[in-house]
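Read the structure below first, then the notes.
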Amino acid sequence: MAAPKMLNGDKLACHRVVNAPPAVYYIPEFISKDEEEALLNEIDMAPKPKWEVLLNRRLMNYGGIVGKKSLFAVDDFPPLVRSLMNRVSEYLNRPLNHALVNEYLPGQGIMAHTDGPAFLPLITTVSLGSHTILDLYDPLDVKSVSKSCIDRRRGGLLLERRSLVLITQDVYDGMLHGINEETKDVVDESIWNGDGRRGEVIQRDRRVSLTLRIVDKVNTRVTSLLGGRV
């Protein structure tokens, strides 16, 4: 199956998750252990006010603030994050311009959701420090037989530390994604890329995810008037 136009098909063809719906790609050990440690150190050096603390995780943004339809751009990428974005962009046909950093402690997660309309239909995520399971769900609509997330779950992806996952096309547009609040995960038959670790029980640790995306419309005029402060 040909890769979506947004992706570099020649580089990604061998990384498609064959058990998943089309347009899901996974690269284990995308970065080295030394690169992982350096990225974590760089992220941990961010000033505390940069972080937004939520009930089930904390997060921060690089590249500016994403509005409903556009990015109010700020060039505030740390060097190693910028380098990682350039490296991931080699698998795409357009450069990435926004980074969302999420920190999850064991037992934390995020409810099933879709991303905002400002982003192009693409998720690229690098996992640092720990694994997680990303669950994919059918959307809740008037035709849904059940309103339960459990009943609407289609499957999951094992996101190992240092891995890169790319999700686009129908999976991005037509499904919800989320992370259950667990302290450990079982790699069962529902995990699309779990063949090599089937049956394992994996304890979660502190995980920092770098979700790198493309905002199609970029508004630089507002941020220039504010001197880059948004």
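Observations on the structure shown:
- Debye log10 I(q)/I(0) for the chain, one point scatterer per Cα, at q = 0.09, 0.17 Å⁻¹: -0.37, -1.40
- Exceedance of the 31 Å cut-off in Cα-Cα distance is limited, within the set Lys33/Lys217; Lys50/Lys217; Lys5/Lys184; Lys11/Lys217; Lys5/Lys69; Lys50/Lys184, to Lys33/Lys217; Lys5/Lys184.
- Note: relative contact order over region 26-94, using C-alpha pairs below 8 Å and six or more positions apart, is 21 percent.
- In Hz, Karplus ³J(HN,Hα) per residue of region 65-82 (6.51, -1.76, 1.60; θ = phi - 60°; x = Gly, Pro): 9, 8, x, 5, 10, 8, 9, 8, 6, 9, 8, 10, 5, x, x, 6, 5, 4
- Whole-Å semi-axes of the ellipsoid equivalent to region 1-132 (Cα gyration tensor, √5λ, descending): 24, 18, 17
- For the chain: relative contact order, % (alpha-carbon pairs under 8 angstrom, 6 or more apart): 29
- Across all Cα atoms of region 91-212, the radius of gyration (one decimal) and Dmax (whole number) stand at 14.5, 40 Å.
- Translational diffusion of region 74-162, estimated by Stokes-Einstein from the Kirkwood radius over alpha carbon pairs at 20 °C in a medium of 1.002 mPa s, is 136 µm² per second.
- Helix axis angle, 33-44 relative to the chain longest principal axis, alpha carbon, degrees: 50
- Of the residues Ala13, Ala112, Ala73, the one that moves most in a GNM of the chain with alpha-carbon contacts below 10 Å is Ala13.
Readers should treat all values here as calculations from the given coordinates under stated rules, not as data from a laboratory. Bear in mind that the values here come from a model prediction, so they are computed numbers and not experimental data.
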